[in-house]
Amino acid sequence: MNGTDLAARARRTMAGGTVDVVEPATGAVLTTVGLADETDVDRAVRTAQEAQPAWSATPPNKRAAVLRRAARLLERDRAEIAEWLVREGGAVRGKAAVEIDSVLDELWVAAALPTQPHGQLMPSEDDRQSIARRVPLGVVGVIAPWNFPLLLATRAVAPALALGNAVVLKPDQQTPISGGFALAHLFAEAGLPEGLLHVLPGDAGPGAALVAHPDVPMIAFTGSTAVGRLVGETAGRLLKRASLELGGNNAFVVLADADLDLAASAGAWGSFNHQGQICMAAGRHVVVADVVEGYTERLARRADKLAVGDPWRLDPDLGPIVNHAQLNRVAEIVAESVRQGARIRAGGTHDGLFYRPTVLDNVTPDMPVFTEEIFGPVAPVIVADDEDDAVRLANATPYGLVAAVQTRGPARGLAVAGRLKTGIVHVNDQTVADNAFVPFGGRGASGNGTRYGAGHSWDEFTQWQWLTVCETTRPGPF
Ligand code: NAD
């Protein structure tokens, strides 16, 4: 496979028409792909439904082998797929490489699932066998965003397939190749039988149709909190399972005893990595008063040194913001906060979609830069009186994805971590971290408590069935 092949294969006819795939760095049209509508969704779900029982009945080691082959093919094709991550998504090359490594882990970890025990032999009060076993759900709908398109699709698609489900994947229409067709081609070449994985690029229309489809018993959604609420409402009404991984507004807490040079380095990475377009980005730097000037000054110096540019033709630290709507949103959040009294210590300017890494201080909890998920390379610094006040400020958000604490005392960090209302906490690291083996997920407005990763996928992508077997029919009392 090469990038041109991928683009050619993605140019299939769909009922929703076509959509251009644009390179954010240049505005160039990279390719044009089919756009799905609800009739495509219905057709894909029906085909998936027909293919799923045979796949579920396929021996577990054979299902595992398909996932392992997909991983090996990704190793072979990583250069082409990385190019799509860079050009379609605006990722710098390092980010694309990390994303592909994470996807390899997801595939290998998912490949281990089918051969694990599927249930338990339960105690029984008489001579019948009583078994609790995990069975597939059927057709799983996966809806993913553009920011880590391949990883956020794979972390649901791979375990769902491994555990015997079929999948209809709706990538964001800005990243249909790296977020959809690349994965489908890997699986097809790896020997996944036809009909089990469908890629339907589109926006809210096909997304909502997938969520509402009566034959899709589960939706694995990653995206904004606003859309996640809509997905959750529909799923609740239709009594279907929804796993919701949503936005974040994550606190990076710097205590008075932190090593400020290391903290500024970690904080800059947490806020500016992938232009801050990460659900786990450090969105609020909560710094104890004694060290706030020293920390802010170091953070601003680091921001000033970073290069922003076209990630395919140059080798910058940051690439472009993904589109103009998102750029305008970031710029407006910063401008409004500055109108309310925030001070720009670094950045605050942009050239087209290339937004400078920005540090703000004098931030107060009512400013949009504190209350909103920014999703841009902006590090707002807010002063906390002391440790208790830092915990209060860190928790002063409806979101609950991740937090980080910087301190020279790991035990102190652990104690503070226990008071933070997030699904993930890191002591002496920044906020952005994920791997395929841990229970990844948020709470509050960041998600509904579902977890991705290793064994937790059993809870997401299968359902329990209690099964009893008697030697002969048990007569009743009537
Ligand atoms: P978004 O919610 O606008 O879009 C996400 C996906 O949902 C896209 O595929 C989109 O086409 C689809 N969609 C849009 N409207 C829909 C509808 N009505 N019904 C069904 N599907 C619909 O999110 P975005 O702005 O593209 O992505 C960024 C957001 O995703 C941020 O808030 C970020 O924090 C969040 N995110 C969360 C995680 C996590 O693991 N918690 C990971 C990455 C991104």
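If you filter segment 331-376 down to residues that are open to solvent by 60 Å² or more (accessible area, probe 1.4 Å) and either in contact (Cβ under 8 Å) with a residue 60 or more places away in the chain or of a type in the set (S, T, N, Q) (or both), you find that the one that is nearest to residue 146 (Cα to Cα) is 372.
Quick one: which residue in 266, 281, 258, 307 is assigned by TED's automatic domain parsing to the domain that holds residue 398 and over 26 Å from residue 443 (Cβ atoms)? Working first, answer last.
Working: 266 fails: over 26 Å from residue 443 (Cβ atoms); 281 fails: over 26 Å from residue 443 (Cβ atoms); 258 fails: over 26 Å from residue 443 (Cβ atoms).
Of the residues listed, the single one that is assigned by TED's automatic domain parsing to the domain that holds residue 398 and over 26 Å from residue 443 (Cβ atoms) is 307.
Please go through segment 102-151 and give me each residue that is within 14 Å of the ligand (Cβ to nearest atom), part of a helix (DSSP H, G or I) and small (Gly, Ala, Ser), ordered by number. Selection gives 102 alone. Considering segment 300-326, the residues that are within 14 Å of residue 274 (Cα to Cα) and surrounded by fewer than 17 Cβ atoms within 10 Å (Cβ to Cβ) include one that is nearest to the ligand (Cβ to nearest atom), namely 323. Regarding residue 168, is this residue at pLDDT 95 or above, within 14 Å of the ligand (Cβ to nearest atom) and outside any helix (DSSP H, G or I)? When the stated conditions are applied, residue 168 passes them.
The set of residues in segment 39-66 being among the acidic types (Asp, Glu) and either surrounded by fewer than 21 Cβ atoms within 10 Å (Cβ to Cβ) or free of Cβ contacts under 8 Å to residues at least 60 places away in the same chain (or both) consists of 42, 50.
For segment 67-91, which residues satisfy the criterion of being among the hydrophobic types (A, V, I, L, M, F, W, C) and either surrounded by fewer than 24 Cβ atoms within 10 Å (Cβ to Cβ) or assigned to a helix (DSSP H, G or I) (or both)? 67, 70, 71, 73, 74, 79, 81, 82, 84, 85, 86, listed by residue number.
The values are calculated or read from the model by the stated rules, or taken from the named source; none is laboratory data. In this text the structure is predicted, and so the values were computed from the model without any measurement. In this analysis, Cβ positions are derived from the backbone assuming ideal geometry, glycine residues included, and neighbour counts consider all displayed protein chains. Note: areas computed on protein heavy atoms with side chains; ligands, DNA, RNA excluded. Shrake-Rupley method; radii C 1.70, N 1.55, O 1.52, S 1.80 Å.
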